[in-house]
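To start, the structure itself, in structure tokens.
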Amino acid sequence: MDKNLISEQIGAISSTDRDSTGLHPQNLFLFGPPGVGKTTVGKLLAERLGRPFIDIDESIERQQGQSVNILINTCGEAAFRRIESEFCAYLAGQSNLVVASGGGALLNPEIRSETLASSCVILLTAEEHELVDRLGSDTPRPLLGGNLAQELRQLLNHRKENYASFPFQVPTSEKSPSQVVDTILEALADNNLSKSFTVRNPKPGYEILLGPGLLTNIDTLISRLELQPPYIMISDSNVGPVHAQGLQSRLNADLIQFEAGEQKKNLGTYQELVQRLTELGMERSGTLIAIGGGVVGDLAGFTAATYMRGIRWMNLPTSIVAMVDASIGGKVGVDLGAGKNLVGAFHQPDIVVADTDTLRTLPEGEFKAGLAEIIKAAVIADATLFKWFERNQHSPTLRWLERAIALKVDIVQEDPYESGIRAKLNLGHTIGHGLEAASNYTLRHGEAVGLGMLIEAELAEDLRLTEEGLASRIEKVLQRWDLPTRFRDIPIGAIRKSMMNDKKKRRGGLRFALPLRVGSVQLHENIPDSAVMEAIERRMEI
Ligand SMILES: NC(=O)c1ccc[n+]([C@@H]2O[C@H](COP(=O)([O-])OP(=O)(O)OC[C@H]3O[C@@H](n4cnc5c(N)ncnc54)[C@H](O)[C@@H]3O)[C@@H](O)[C@H]2O)c1
């Protein structure tokens, strides 16, 4: 595949293509049967959105120097599909495009899954007779040579299940292309951008909302959930001034802010928080509102868990780590000098509202550290997403956050109190927490988890518990995304000590979630100490 030819069409994708949240707008991928109008609608949609437009068939024709029809007739459908799949895989690594594909492009399950990971797939539909009318007056289409109506029916039957599997469907019958574009834009504005997930276990469960602009509806959410005053917000010195103060007057809420940073996630700050709650007259029936990164969520959640033996709370995460990980599953707590999260509780929020507009102000370093948590989710259970990270360099789209959230929701629902499979989420954490604490929190949580995951993969390879080459794949992905793969100035003895104080210890020994391969991890105890320390030392920069 000639990538120059494609990038010529797309134009260079740069960080300036990010939207206001710092996320890249995902591709809009038009799909559907022949004659449904993917190219016409696609061009119009691209024009209206000011995005580059790619017609996959047309690009392949330019690249191969012959029509798709001739290509299929001379080389066969299978050969054409291979070229098409390569094309789709490449486009899955881009963002901000409007793409019109051939009607069979997403029949291949792997390409379907990769495209869904990176793009919003919009299936255009039409009545069969209308497709026949449109195609009848058109130039010959691939795979529809003889009796048009009969062959189209067969083709639609064959692809019925595949087409039905795409949730975002837009009917085009009796609509002009411009009306179809209007419908797509309305649907995108209405529901596609925001996603909701439900954590059903433990009961009564709660919803997680993700998308732009959600905080503007916070009062509606509060009344829908019948959350009672007094409302007291908790935030830190970075997030409070930019995101909490505006909400404060709308909700008629008090705001407590503490100094930002992991060093403040401790019993001292906790004590100050409960003290302020009593001074502000917080009641048992009141509502605590946490707005900030994982530190705010953990601390405010722990305060909500324990103040008057537990009050209701909402979590409004504002960092990637908090959106895809810390806000989900109800684990709350504080660090002790001896180690991370050594005091804590399970206390589920009433709702999690992840407004991606808040990411606009997230510093670049924190953004990248957050990506490490998404890469971790991919290594645990999403090989397609991991491949995506291996191939691409662009910033994430909303879809990535969704996939990481969906993975965590699945696992915490099955094991809400971490008595079994939830421990798989600790991939990278046994060593990562040791590094994070021993660095005196100069390593960010996400950075430490990424590095911990790499060292744990190397450890698993040393012990022949994982497929060879996995650690090197993880290392390359971390490097590609500008995340640390080595550490310096952290004494080995301090790392060991922090690890030995970790909660994940069992009967005196450490417990690891080690990767078996990309997409699968397994829990292990009884890993020899010497092997662990050797693996850590290898990543120390001298
Ligand atoms: N409870 C859980 O299940 C769980 C899971 C993962 C991580 N965690 C915890 O989460 C913490 C890490 O979370 P984190 O990376 O969000 O750390 P953090 O809360 O310290 O946030 C990182 C930095 O970004 C700032 N920030 C956050 N959102 C911002 C925004 N929108 N604009 C400007 N600045 C912003 C914060 O003030 C802070 O300086 C750790 O304490 C970790 O142990 C908990």
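Return the residues of the stretch 90-109 that are open to solvent by 20 Å² or more (accessible area, probe 1.4 Å) and either in a helix (DSSP H, G or I) or without any contact (Cβ under 8 Å) to a residue 24 or more places away in the chain (or both); say none if nothing qualifies. Scanning the stretch 90-109 gives Tyr90, Pro109. When every residue of the stretch 494-503 is checked against the conditions, at least one turns out to be within 13 Å of the ligand (Cβ to nearest atom) and open to solvent by 50 Å² or more (accessible area, probe 1.4 Å).
Just one of the listed residues (Glu226, Glu262) is within 13 Å of the ligand (Cβ to nearest atom) and open to solvent by 20 Å² or more (accessible area, probe 1.4 Å), and it is Glu262. Within the stretch 313-332, the set of residues being under 24 Å from Gly246 (Cβ atoms) and more than 6 Å from the ligand (Cβ to nearest atom) comprises Trp313, Met314, Asn315, Leu316, Pro317, Ile320, Met323, Ser327.
Going by the conditions given, is Ile232 within 26 Å of Gly446 (Cβ to Cβ), of a type in the set (A, V, I, L, M) and modelled with pLDDT of 95 or more? Judged against the criteria, Ile232 is not a match.
Of all residues in the stretch 283-318, those that are open to solvent by 20 Å² or more (accessible area, probe 1.4 Å), part of a loop (DSSP other than H, G, I, E, B) and among the polar types (S, T, N, Q) total 1. Is it the case that some residue within the stretch 527-535 is in a helix (DSSP H, G or I), of a type in the set (D, E, K, R), open to solvent by less than 80 Å² (accessible area, probe 1.4 Å) and modelled with pLDDT under 95? Checked against the condition, which is being in a helix (DSSP H, G or I), of a type in the set (D, E, K, R), open to solvent by less than 80 Å² (accessible area, probe 1.4 Å) and modelled with pLDDT under 95, the stretch 527-535 yields at least one hit. Reported count of residues in the stretch 237-259, each being open to solvent by 40 Å² or more (accessible area, probe 1.4 Å), more than 13 Å from the ligand (Cβ to nearest atom) and under 22 Å from Gly333 (Cβ atoms), is 0.
The values are calculated or read from the model by the stated rules, or taken from the named source; none is laboratory data. In this text, all values refer to a predicted model and were calculated from it rather than measured experimentally. Cβ atoms come from the backbone with ideal geometry, glycine included; neighbour counts cover every protein chain shown. When the accessible area is computed, the model is the full protein with side chains, heavy atoms only, and any ligands, DNA or RNA have been set aside. Shrake-Rupley method; radii C 1.70, N 1.55, O 1.52, S 1.80 Å.
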